[in-house]
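Read through the structure below, which is laid out as structure tokens, and then see the notes.
The values are calculated or read from the model by the stated rules, or taken from the named source; none is laboratory data. Here the structure is a predicted model, which means the values were calculated and not measured. Heads up, the Cβs are rebuilt from the backbone with ideal geometry, glycines too, and the neighbour counts pull from every protein chain shown.
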């Protein structure tokens, strides 16, 4: 039962964080405001997170983890059973779009370096498992992070499926080039 309470508390804090991003932006948001909006105590908060940076990291990781293991079809998309890179990138982009206000607020509201760092770390952890090659994983991570940043800067004007297809085509070239060099 404790796991459900932990999950509820973390979800409440992340939801409050995301709402406050729209209202105040990352730089002006305080931990106290997150506590008040989530209706959790300070000790409980710090048992789960290391400041607002920890909440932002958990926000990013929750999207990455969800993308890596979709359990059910969701409104607007179904990626269950699809493990290819294009599907995973498209799924990630769709969730970035669902949280567009929060992501935009992080990139322009004073938290861009923290957000980019958290996105880079979470994406690298997943790509490193998939590629088994450190350099390749870092290269693909950088390209993915820049894809997300550019997409936000252009106000999400590209279709996530097309953007994922373009990223995957470029990634395939990188991966094939790396395999040719090893042979």
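Out of everything in segment 114-140 that is under 12 Å from the mean Cα position of the chain (by Cα) and within 19 Å of residue 165 (Cα to Cα), what residue ends up being surrounded by the most Cβ atoms within 10 Å (Cβ to Cβ)? So the residue we want is 123.
Could you figure out which of (1) in a helix (DSSP H, G or I); (2) under 27 Å from residue 28 (Cα atoms) isn't true of residue 141? Condition (2) is where residue 141 drops out.
Within segment 12-50, which residues are under 18 Å from the mean Cα position of the chain (by Cα), outside any loop (DSSP other than H, G, I, E, B) and either surrounded by fewer than 19 Cβ atoms within 10 Å (Cβ to Cβ) or in contact (Cβ under 8 Å) with a residue 40 or more places away in the chain (or both)? Scanning segment 12-50 gives 12, 13, 14, 15, 17, 18, 19, 21, 22.
Regarding residue 146, is this residue over 22 Å from residue 22 (Cβ atoms) and buried (at least 17 other Cβ atoms within 10 Å of the Cβ)?
Working: over 22 Å from residue 22 (Cβ atoms): yes; buried (at least 17 other Cβ atoms within 10 Å of the Cβ): no.
So residue 146 fails the test.
Within segment 96-113, residues that are at positive phi and surrounded by fewer than 21 Cβ atoms within 10 Å (Cβ to Cβ) have Cβ atoms under 8 Å from residues that are at pLDDT 85 or above and not in a helix (DSSP H, G or I) in these pairs: 110/25; 110/26; 110/27; 110/28, counting only partners at least 6 apart in sequence or on another chain. Here segment 162-179 is the region considered, the condition is being surrounded by fewer than 15 Cβ atoms within 10 Å (Cβ to Cβ) and at pLDDT 90 or above, and the residue that is farthest from residue 128 (Cα to Cα) is 162.
Can you name the residue in segment 59-86 that is modelled with pLDDT of 85 or more and surrounded by fewer than 19 Cβ atoms within 10 Å (Cβ to Cβ) and, of all such residues, is nearest to residue 14 (Cα to Cα)?
Within segment 59-86, the subset modelled with pLDDT of 85 or more is 59-61, 86.
Keeping just the survivors that are surrounded by fewer than 19 Cβ atoms within 10 Å (Cβ to Cβ) gives 61, 86.
Details: 61: 11, 86: 27 Å.
Among those residues, the one meeting the criterion is 61.
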